[in-house]
1. So R145 clears everything in (1) within 17 Å of A43 (Cα to Cα); (2) not in a helix (DSSP H, G or I) except one condition, right? Which one?
2. Can you spot a residue in region 126-135 that is out of contact with any Leu (no Cβ under 9 Å at 6 or more places or on another chain), small (G, A, S) and either part of a helix (DSSP H, G or I) or modelled with pLDDT of 95 or more (or both)?
3. Pairs, please: C-beta under 8 Å, at least 6 apart or cross-chain, first residue touching a residue at least 24 places away in the same chain (Cβ under 8 Å) and in region 115-135, second loosely packed, with under 12 Cβ neighbours inside 10 Å and hydrophobic (A, V, I, L, M, F, W, C)?
4. State whether one or more residues within region 25-33 are surrounded by fewer than 16 Cβ atoms within 10 Å (Cβ to Cβ), modelled with pLDDT under 90 and more than 17 Å from the chain's Cα centre (by Cα).
5. Kindly list the number of the only condition in (1) crowded, with 18+ Cβ neighbours inside 10 Å; (2) in contact with a helix residue (DSSP H, G or I) (Cβ under 9 Å, 6 or more places away or on another chain) that fails for F117.
6. Please work out if T19 is assigned to a loop (DSSP other than H, G, I, E, B) and either among the β-branched types (V, I, T) or modelled with pLDDT of 90 or more (or both).
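The values are calculated or read from the model by the stated rules, or taken from the named source; none is laboratory data. Every value quoted in this text rests on a predicted model; they were computed, and no experiment measured them. Backbone-built Cβ (ideal geometry, glycine too); neighbour counts: all protein chains shown.
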Amino acid sequence: MRKKKYSRSNKNVKVRNATAKTYKGIKFRSKLELFTYRKLQEAGIKADYEKTTFVIQDGFEFDNNCIEPSSKGYGIKKSRKIRAITYTPDFIDPKGKWIIEVKGYANDVFPIKWKMFKKYLHEKGNEAVLFLPKNQKQVLDTIERIKNL
């Protein structure tokens, strides 16, 4: 697990069907994330917002030839370094008891990363309870469940 180092471009990534909002100097990627943050605060539940990034697959060197499209056309790709796959959940309990990923509309990559993240937590022995609310009603249910942990 690494602490997140944000570049401006990472925080400004457009989320499908989402409206970014700023509240108390924090940039939220969607109104549902902001709703979640406010409801956690109202309930007196402390949470870190997008502060921790997990490396769910290490980067590696790929030594085989690889023929694929690039900006220079279709041919041998010279870059052999494959970047790590990382995952940054929306909200994490500072004590490590739970993790919330707010997801109104998932992109095509999310289901795969979510599975990889679950596998990562399992292999590391991390027993945090995962929540995946997709609307305000589910966020409110999530908060009630967290209160009872």
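1. Status for R145: all satisfied but (2).
2. Quick first cut of region 126-135, residues out of contact with any Leu (no Cβ under 9 Å at 6 or more places or on another chain) only: 126, 131-132.
This time we only want the ones that are small (G, A, S), so: none.
Checked against the condition, which is being out of contact with any Leu (no Cβ under 9 Å at 6 or more places or on another chain), small (G, A, S) and either part of a helix (DSSP H, G or I) or modelled with pLDDT of 95 or more (or both), region 126-135 yields no hits at all.
3. Cβ pairs passing all conditions: V129/L149.
4. no
5. Evaluating F117 over (1) crowded, with 18+ Cβ neighbours inside 10 Å; (2) in contact with a helix residue (DSSP H, G or I) (Cβ under 9 Å, 6 or more places away or on another chain) leaves (2) as the failure.
6. Details: assigned to a loop (DSSP other than H, G, I, E, B): yes; either among the β-branched types (V, I, T) or modelled with pLDDT of 90 or more (or both): yes.
Answer is yes for this residue.
Here is a yes/no grid of residues against (1) of a type in the set (A, V, I, L, M, F, W, C); (2) surrounded by 10 or more Cβ atoms within 10 Å (Cβ to Cβ); (3) in contact (Cβ under 8 Å) with a residue 24 or more places away in the chain; (4) part of a loop (DSSP other than H, G, I, E, B):
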{"site": "D63", "(1), (2), (3), (4)": "no, no, no, yes"}
{"site": "E68", "(1), (2), (3), (4)": "no, no, no, no"}
{"site": "Y74", "(1), (2), (3), (4)": "no, no, no, no"}
{"site": "T86", "(1), (2), (3), (4)": "no, yes, yes, no"}
{"site": "G96", "(1), (2), (3), (4)": "no, yes, yes, yes"}
{"site": "I99", "(1), (2), (3), (4)": "yes, yes, yes, no"}
{"site": "V102", "(1), (2), (3), (4)": "yes, yes, yes, yes"}
{"site": "I112", "(1), (2), (3), (4)": "yes, yes, no, no"}
